[in-house]
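The values are calculated or read from the model by the stated rules, or taken from the named source; none is laboratory data. Keep in mind the model is a prediction, meaning the values are calculated, not measured. Here the Cβ is made from the backbone with ideal geometry for all residues, glycine too, and neighbour counts use every protein chain on show. Surface accessibility is based on the protein's heavy atoms, side chains included, excluding ligands, DNA and RNA. Shrake-Rupley method; radii C 1.70, N 1.55, O 1.52, S 1.80 Å.
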Amino acid sequence: ATGAPPPVPRPSARDLRTIFFFNAVPFVAFGFVDNTVLIHAGDAIDASVGVTFGLSSLAAAAMGQIASDTSGVLFGSTIENAALRLGFAAPRLTPEQNVLRVTRLASTAGKVLGVITGCSLGLVNLLFVDTLAVEKAKEEKEYTAIFRAIMHRGHEVAECAAAALWIVDYENRTLWTRAAHGNKKSDVTVRRPFGVGIVGAVAESGQLSNVSEAYAHPRFDRTVDKDGITGFTSRSLLTAPVFGHDGRVVAVVQLVNKNPKPSTDEFTVSSKNVNGSGFYKKTSRGPYVPFPAGTDAADSAPDVPDDDASHWDEGWVPAKVTRRVEREIARARRTKWWRRVFGRRRVGFDESDEKLIRLICHHVSVSLAAMEHKLPTE
């Protein structure tokens, strides 16, 4: 008669400890590498693809996990060989002892605790990663798109050379802008210390500022023009604050260089204004105006031969002479001595523009409120 198989001897406590550490040490390295790759790859993906396409941080982390798992497969054998070279070897057990419950528990416990320890150590990488940089970049892109649309409309409606929205960063005590339209370097981030320039003064006081001559204002920051940011010389400036829900100034809107409106008192010679005879009458508001509207050139022109001398005697001037005079005057107006003698024509913002900029500031404030007032900082 065959007897029952002898019981499988239980591994010793020393063998179980060896099994535990043999499985734990490689998984510490696995966990550390896995979390390290996940953090840095996820952050890089979030900062590039995530910001460009508006992906969430969770989606970027999932994509980073792909790189993490791939690195685990590639470097798995390297980690195991390194553990063996350190002297961690499995005890010699029989096949029956390897399948015992206690043996499998020791092996599983070593792997679990090892990977937990490794992943925890991998969290140290967070100390070297700016966890808020990507969120700021995403918020900045969202704000820039909204503000650029608002300022583009304000730039057109206000009929000015440029429009900009400055964000107040109280943490760093600075103002910065990227959402500008009409500027030569509209995509360049411009930073100014808090309180510097007319924009800084408006941010401090919370009062609207309407300046007709920028260089004559004591608070004007001339470095904006010197650095080539605008691409032109700032003259008239209309600046207004944007208030947040707590009554604090969170942004500043600025319109630059009001476009001059065509004057009705000036007359420009063109082919549309020249009547059949091509002559102009000298008047007190002239120097020369065309024939009265609705008057036939043949009836209005002096009844004399068509020559310059006779027309001059009757008070009529040839159009070609008028054009020549206007060209000379226009050429003279562009010279320095003309501006020095007669001064520069000043064009500033009026009350209607002040109402417009207040409306723009209201829309900006509403946009901030809708986005929970999470202002990005540079």
Which residue out of 375, 356, 368 is modelled with pLDDT of 75 or more, surrounded by 15 or more Cβ atoms within 10 Å (Cβ to Cβ) and not assigned by the TED database to the domain that holds residue 244?
356
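Taking residue 56 as the residue in question, decide whether it is of a type in the set (Ser, Thr, Tyr) and surrounded by 14 or more Cβ atoms within 10 Å (Cβ to Cβ).
Spelling it out, it is not the case that residue 56 is of a type in the set (Ser, Thr, Tyr) and surrounded by 14 or more Cβ atoms within 10 Å (Cβ to Cβ).
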Could you list, in sequence order, the residues of the stretch 95-110 that are in contact (Cβ under 8 Å) with a residue 40 or more places away in the chain and not in a helix (DSSP H, G or I)?
100
Residue 136: at pLDDT 85 or above, out of contact with any Gly (no Cβ under 8 Å at 6 or more places or on another chain) and not acidic (Asp, Glu), yes or no?
no
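A quick yes/no check of all residues on (1) small (Gly, Ala, Ser); (2) within 30 Å of residue 253 (Cα to Cα); (3) not assigned by the TED database to the domain that holds residue 47:
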{"residue": "86", "(1), (2), (3)": "no, no, no"}
{"residue": "98", "(1), (2), (3)": "no, no, no"}
{"residue": "108", "(1), (2), (3)": "no, no, no"}
{"residue": "119", "(1), (2), (3)": "no, no, no"}
{"residue": "159", "(1), (2), (3)": "no, yes, yes"}
{"residue": "164", "(1), (2), (3)": "yes, yes, yes"}
Checking the conditions here, which among 76, 50 is closer than 23 Å to residue 127 by Cβ and either part of a helix (DSSP H, G or I) or open to solvent by less than 60 Å² (accessible area, probe 1.4 Å) (or both)?
50
Within the stretch 85-130, which residues are of a type in the set (Phe, Trp, Tyr) and exposed (fewer than 12 other Cβ atoms within 10 Å of the Cβ)?
128
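Within the stretch 21-43, how many residues turn out to be over 22 Å from residue 126 (Cα atoms) and open to solvent by 50 Å² or more (accessible area, probe 1.4 Å)?
2
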Being crowded, with 18+ Cβ neighbours inside 10 Å, more than 18 Å from the chain's Cα centre (by Cα), modelled with pLDDT under 85 and outside any loop (DSSP other than H, G, I, E, B) is the filter here, so list the residues in the stretch 148-202 that pass it.
161
